[in-house]
1. If you take the residues of segment 111-130 that are within 15 Å of residue 63 (Cβ to Cβ) and modelled with pLDDT of 90 or more, which of them is surrounded by the most Cβ atoms within 10 Å (Cβ to Cβ)?
2. Go through (1) touching a strand residue (DSSP E or B) at 6+ places or on another chain (Cβ under 7 Å); (2) closer than 20 Å to residue 72 by Cβ; (3) at pLDDT 90 or above and name the single condition residue 96 misses.
3. Any residue in segment 55-77 that's touching a residue at least 60 places away in the same chain (Cβ under 8 Å) and on the phi > 0 side of the Ramachandran plot: show its pairings with residues that are outside any loop (DSSP other than H, G, I, E, B) and crowded, with 16+ Cβ neighbours inside 10 Å at Cβ separation under 9 Å, as long as the two are six or more apart or on different chains.
4. Just need a number here: residues in segment 163-177 that are part of a loop (DSSP other than H, G, I, E, B) and loosely packed, with under 13 Cβ neighbours inside 10 Å.
5. Select, from 133, 100, 160, the only residue that is under 20 Å from residue 53 (Cα atoms) and buried (at least 16 other Cβ atoms within 10 Å of the Cβ).
6. Within segment 29-51, is there a residue that is modelled with pLDDT of 75 or more, closer than 27 Å to residue 158 by Cβ and surrounded by 11 or more Cβ atoms within 10 Å (Cβ to Cβ)?
């Protein structure tokens, strides 16, 4: 069954359950150089920073209305995923949610604890194009990371946190919405 049909069937069988798309993304101090406009024939110096310090943003996005829940964690593993799910469950309170996510090992681990108000739906293998959160990462990185140098991991973390706080639901909806999300 296609993702669109699965989501439609879930919406019909559980109309009070919100569908969130989930993924993690790595953010680090290593520079991300992109294209830019420069004067022809002149060498333009570009600052870069080498480094391997990083953190991960775990985000669940309700693409239909732009609601999101994000959490910054140091690694991608089952323990961190359990922290995210617990916090997300508490944020939902009495509401129920379906989280659609890829098949990363820690998303389907036997040690993963999924709270009772959350249900997990795994995407087909090797299909990142079906996850709208991927578009959010591209947007965020193009605005915050490309051609910028952060002196420290803390400075980058602060910038990413503030960007996510300032991100409006209508912007998230515009970035993440797609035809297959409609019911």
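1. That would be 123.
2. So residue 96 meets the others, but not (2).
3. Every condition considered, the pairs that remain are 66/172; 66/173; 66/175; 66/176.
4. Final tally of qualifying residues: 1.
5. 160
6. no
The values are calculated or read from the model by the stated rules, or taken from the named source; none is laboratory data. Being a predicted model, the structure only gives us computed values, none of them experimental. Cβ atoms come from the backbone with ideal geometry, glycine included; neighbour counts cover every protein chain shown.
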